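J.: First, the structure itself, so that you have it in front of you.
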Amino acid sequence: MVEAGAGRGALAKAVLAAAPACGPALRYVAVERSAALRAQHPAGVESAGTLPAEPFAGVVLANELVDNLPFGLVERRPEGWAEVRVTADLAETLVAVDDPALAPDAPVGGRIPVQRAARAWVDEARRLAGRVVVIDYADTTPGMARRPWTDWVRTYRGHGRGRSPLEDLGQQDVTCEVAVDQLPPATSDRSQAEFLRAHGIEELAYDARRAWQERAHIGDLQALISRSRVHEANALTDEAGLGAFRVLEWLQGV
């Protein structure tokens, strides 16, 4: 398992804790550019600064990574499409470009992302592994064209929403929803809720709920862990929240 954009290794830690029976059969490689974050990776995880150089038998996983890759921004004008650029004094300026042919029915004033870096990353991951799994918030290019661009270009700072992408430079994260139609065609595209249910989360939540009910009167650590697992399962499959994330999978030979 190669996790790209692993950060501090929180997901890696959770996976290792949840799958002790895998033992040495699970080789978990956490890929993170930041040396400071790599230093915080948990024991049992191999840390790397880049994806492997050669193909391998396994899975590449990217959880909320692709939305952080660089993207272009274009706007539909009455006379055609224009790229949204930024001047030295941080003001927007529009420069005419060829029709990107991504959203032919986009309204005048509508904006769309151009996500070449995201497509290139998926292509590279597919070259390396037989299965690639991308978890992110996503839409289609035509869908984004019909929405205000500030809905799908978001900034975050201190675990909360930030301000305009042109403000607080270097002090906030800038993200963009993933336009799934700009990526290579996926073998599978479903919501996080559907993905987790297909992989048994309801059975895990049922067992946790039963353990919680059996030990609630004791109130020990196992009871608290079981209660937390139930709440986490509900949050991860909530279609109005995290459950609406998309899970895209690419499988070789399918």
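The values are calculated or read from the model by the stated rules, or taken from the named source; none is laboratory data. Because the structure is predicted, anything quoted here is derived from the model rather than measured. Cβ placement follows ideal geometry from the backbone for every residue including glycine, while neighbour counts extend to all protein chains displayed.
J.: Have a look at Arg246, Arg190, Arg227 and point out the one that is crowded, with 17+ Cβ neighbours inside 10 Å, under 30 Å from Ala57 (Cβ atoms), basic (Lys, Arg) and in contact (Cβ under 8 Å) with a residue 12 or more places away in the chain.
T.: Matching residue, one of Arg246, Arg190, Arg227: Arg246.
J.: Only one of these conditions is not met by Val122: (1) in contact with a Phe, Trp or Tyr (Cβ under 8 Å, 6 or more places away or on another chain); (2) outside the structural domain of Ala179 (by TED's automatic domain parsing); (3) at pLDDT 95 or above. Which number is it?
T.: Exception for Val122: condition (2).
J.: If you don't mind, another one. Within segment 175-183, does at least one residue satisfy the condition of being surrounded by fewer than 13 Cβ atoms within 10 Å (Cβ to Cβ) and over 24 Å from Ala17 (Cβ atoms)?
T.: no
J.: Let me ask another. Which ones in segment 153-174 are among the hydroxyl-bearing types (Ser, Thr, Tyr) and surrounded by fewer than 14 Cβ atoms within 10 Å (Cβ to Cβ)?
T.: Hits for segment 153-174 are Tyr156, Ser164.
J.: In the list Gly219, Gly170, which residue meets the criterion of being closer than 21 Å to Trp152 by Cα and out of contact with any strand residue (DSSP E or B) (no Cβ under 8 Å at 6 or more places or on another chain)?
T.: After applying the criteria, what remains is Gly170.
J.: Just to be sure I understand, how many residues within segment 1-14 are under 23 Å from Leu69 (Cβ atoms) and not in a loop (DSSP other than H, G, I, E, B)?
T.: Result for segment 1-14: 6.
J.: Restricting segment 203-224 to residues that are surrounded by 17 or more Cβ atoms within 10 Å (Cβ to Cβ) and not charged (D, E, K, R), which is farthest from Asp189 (Cα to Cα)?
T.: Only one residue fits best here, namely Ala223.
J.: Restricting to segment 73-132, what's the tally of residues that are assigned to a strand (DSSP E or B) and farther than 20 Å from Cys176 by Cβ?
T.: Result for segment 73-132: 4.
J.: While we're here: Residues to consider are Ala39, Ala30, Ala43; find the one that is in contact with a Gly (Cβ under 8 Å, 6 or more places away or on another chain) and either of a type in the set (A, V, I, L, M, F, W, C) or in contact (Cβ under 8 Å) with a residue 60 or more places away in the chain (or both).
T.: Ala30
J.: Follow-up. For segment 33-50, check the following and say yes or no: at least one residue is surrounded by 10 or more Cβ atoms within 10 Å (Cβ to Cβ), in the same structural domain as Pro142 (by TED's automatic domain parsing), among the charged types (D, E, K, R) and in a strand (DSSP E or B).
T.: yes
J.: Just give me the residues in segment 240-252 being closer than 18 Å to Val134 by Cα and assigned to a loop (DSSP other than H, G, I, E, B), in sequence order.
T.: Once the filter is applied, which keeps residues that are closer than 18 Å to Val134 by Cα and assigned to a loop (DSSP other than H, G, I, E, B), segment 240-252 yields Gly241, Phe245, Gln252.
J.: Take the residues in segment 146-166 that are out of contact with any Pro (no Cβ under 7 Å at 6 or more places or on another chain), hydrophobic (A, V, I, L, M, F, W, C) and modelled with pLDDT of 95 or more; name whichever of them is nearest to Gly80 (Cα to Cα).
T.: Residue satisfying both the conditions and the ranking: Trp149.
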